[in-house]
Amino acid sequence: MAYYVFEVECKEELLNIVKQAQELEAPIKWLNLSELNLVDPDGIVTRIRLAQ
C-alpha cells in the first residue's frame, strides 16, 4: 500500500482540501481535528495534517 503524508500551514488550507476531495467524491476519514486520510481510486492513502 502506498502512503503519503502532507502538512499544511493552516486549518483553512486543510478545509479547502476537504472541499475539493468531497467534490471528487474521494473517501475522507478524519483522524482528529487536525488530521485526515484521503484515499484515491487506486487505493493510495494520503494523510494531510496541520503543521506543528
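Residue pairs whose Cβ atoms lie under 7 Å apart, sitting 6 or more positions apart in sequence or on different chains, and linking a residue in the range 26-44 that is touching a residue at least 24 places away in the same chain (Cβ under 8 Å) to a partner that is surrounded by fewer than 14 Cβ atoms within 10 Å (Cβ to Cβ) and in a loop (DSSP other than H, G, I, E, B), are G43/M1; I44/A2. Residues in the range 21-39 that are part of a loop (DSSP other than H, G, I, E, B), more than 19 Å from C10 (Cβ to Cβ) and open to solvent by less than 60 Å² (accessible area, probe 1.4 Å): A26 only.
The values are calculated or read from the model by the stated rules, or taken from the named source; none is laboratory data. Predicted model, so just to flag it, every value in this text is computed and none were measured. Positions of Cβ are backbone-derived with ideal geometry, glycine not excepted, and every protein chain shown enters the neighbour counts. Surface areas here come from the heavy atoms of the whole protein model, side chains and all, with no ligands, DNA or RNA. Shrake-Rupley method; radii C 1.70, N 1.55, O 1.52, S 1.80 Å.
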